[in-house]
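The values are calculated or read from the model by the stated rules, or taken from the named source; none is laboratory data. All values derive from a computational prediction rather than experimental measurement. Every residue, glycine as well, gets a Cβ built from its backbone with ideal geometry; the counts of neighbours run over all protein chains shown.
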Amino acid sequence: MNLQQKNSVLGVLVADAAALGLHWLYDLDRMHQVVADQAPCFLTPSSEHYAGEVGYFAHGGKQAGEQSHYGESYLLNLKHLVVHGKFDTRMFQQEFMATFGPGGSFSGYIDAPTRQTLKNLQQFKLDEAVADDKPSGADDKQVPALTPVSALCAAYPPSKLTDIEIENAICVTNNNDFAVACGLYYAKVFQAILNGQSLADSFTSAAHLAPAEIKETVTEALDMPATDLDAAATFLGQACYLEKTIPLTAYILTNSASYQQAIEMNTLAGGDSCGRAMMLGALAGAFYGIGSDAGIPYSWLLQLKRHQDITALFA
């Protein structure tokens, strides 16, 4: 990994942990009440924040600085790439089952595509799945599709990362053409950042690869004024689906001037903020770096709970 790629790793993990306390809080009026007397990031998840029909409380028992299920999946992808030096579908399926499956090491919320993937893996033998070129992923268009893309973009030299490796990694959990197309587009946006482009320009320079379903909305997001985050989040959508996630991510990154501002905006936009962190955190981390006025705050890095695991990735 080069320095920008390492910064992208920290960018993802910090963004995910920062949003955990208010993840899936959709009601923005309630969001404003909760953060009226405290900063929005690195809160310990509390059911009190979700009183009433305002969202879904998924992370009971977790503490501030821990990772969501997205962050844990991201760490699993990165560890796999560091250990094996490449993405191996069969091996990763085994590791995925050992982590998120029955009796696995992960304890916490399991999202819909992960649940379906685990069911699929249980329905056929892993060696048969790979031999028959049978993907294990759900037919699903949600954010888990972007998690392995962030890991691949961080671990591979940009010139050596191929579309087929990206597709194979996505299809472990999201066997869906639109999800794959979104992942390939995102990879090009990431590579544009590594090539020195601005956050806004990175989206537009890769626009010819954007799936038709999101191309117009991403363009709208890039052109929207930065005056009202609530309105932008409501218009673009806060949910877990990629057609919502990517445009809102583009809006936030275009209308923020530092890593901290981008992550605070992501949290305050509500909905699937931890899911958006897989893309938003990677791009902001790679672009802004660590420290200085605009980079990832050192104080935020110190709040992460998985320091030993993160250090091992960079060894």
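Which numbered condition trips up Ser256, out of (1) under 28 Å from Leu184 (Cβ atoms); (2) among the hydroxyl-bearing types (Ser, Thr, Tyr); (3) not in a loop (DSSP other than H, G, I, E, B)?
(3)
Of the residues that make up segment 286-293, is at least one modelled with pLDDT under 95, at negative phi and of a type in the set (Asp, Glu)?
Checked segment 286-293: at least one residue is modelled with pLDDT under 95, at negative phi and of a type in the set (Asp, Glu).
Report yes if Lys244 is surrounded by fewer than 17 Cβ atoms within 10 Å (Cβ to Cβ), farther than 26 Å from Pro158 by Cα and in contact with a helix residue (DSSP H, G or I) (Cβ under 8 Å, 6 or more places away or on another chain), otherwise no.
Spelling it out, it is not the case that Lys244 is surrounded by fewer than 17 Cβ atoms within 10 Å (Cβ to Cβ), farther than 26 Å from Pro158 by Cα and in contact with a helix residue (DSSP H, G or I) (Cβ under 8 Å, 6 or more places away or on another chain).
Please list, ordered by first then second residue, the pairs with beta carbon atoms under 7 Å, 6 or more apart or interchain, first in segment 63-92 and under 15 Å from Ala15 (Cα atoms), second of a type in the set (D, E, K, R) and surrounded by 20 or more Cβ atoms within 10 Å (Cβ to Cβ).
Qualifying pairs under 7 Å: Gln67/Asp16; Ser68/Asp16; His69/Asp111; Tyr70/Asp16; Gly71/Asp16.
Just to be sure I understand the filter: pairs with C-beta atoms under 9 Å, separated by 6 or more residues or on different chains, first member in segment 213-229 and surrounded by fewer than 15 Cβ atoms within 10 Å (Cβ to Cβ) and in a loop (DSSP other than H, G, I, E, B), second member modelled with pLDDT of 95 or more and aliphatic (A, V, I, L, M). Which pairs pass?
That search, which allows pairs on different chains as well, returns Pro225/Ala232; Ala226/Ala232.
Using beta carbons and a limit of 8 Å, which pairs, at least six apart or on different chains, have the first residue in segment 154-180 and under 20 Å from Leu194 (Cα atoms) and the second one of a type in the set (D, E, K, R) and part of a loop (DSSP other than H, G, I, E, B)?
Listed pairs, sorted by first residue: Glu165/Lys86.
Determine if segment 147-163 includes at least one residue that is more than 22 Å from Asn2 (Cα to Cα) and either assigned to a helix (DSSP H, G or I) or charged (D, E, K, R) (or both).
No; the residues of segment 147-163 include none that is more than 22 Å from Asn2 (Cα to Cα) and either assigned to a helix (DSSP H, G or I) or charged (D, E, K, R) (or both).
Quickly run through segment 291-309 and pick out the residues that are in a helix (DSSP H, G or I) and either in contact with a Gly (Cβ under 8 Å, 6 or more places away or on another chain) or over 18 Å from Ala39 (Cβ atoms) (or both).
Scanning segment 291-309 gives Tyr298, His307, Gln308, Asp309.
In the list Gln122, Gln93, Gln116, which residue meets the criterion of being modelled with pLDDT of 95 or more and over 15 Å from the mean Cα position of the chain (by Cα)?
Within the list Gln122, Gln93, Gln116, the selection yields Gln116.
Could you tell me whether Val54 is surrounded by fewer than 24 Cβ atoms within 10 Å (Cβ to Cβ) and closer than 22 Å to Ile296 by Cα?
Considered against the rule, which asks whether it is surrounded by fewer than 24 Cβ atoms within 10 Å (Cβ to Cβ) and closer than 22 Å to Ile296 by Cα, Val54 comes out as no.
Conditions tested, residue by residue: (1) modelled with pLDDT of 95 or more; (2) on the phi < 0 side of the Ramachandran plot; (3) within 19 Å of the chain's Cα centre (by Cα); (4) hydroxyl-bearing (Ser, Thr, Tyr).
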residue	(1), (2), (3), (4)
Leu10	yes, yes, yes, no
Val14	yes, yes, yes, no
Leu22	yes, yes, yes, no
Gln33	yes, yes, no, no
Ser46	yes, yes, no, yes
Tyr74	yes, yes, yes, yes
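Among the residues of segment 67-87, write down those that are within 14 Å of Val149 (Cα to Cα) and surrounded by 14 or more Cβ atoms within 10 Å (Cβ to Cβ).
First, the residues of segment 67-87 that are within 14 Å of Val149 (Cα to Cα): 70-71, 73-81, 86-87.
Correct list: Tyr70, Gly71, Ser73, Tyr74, Leu75, Leu76, Asn77, Leu78, Lys79, His80, Leu81, Phe87.
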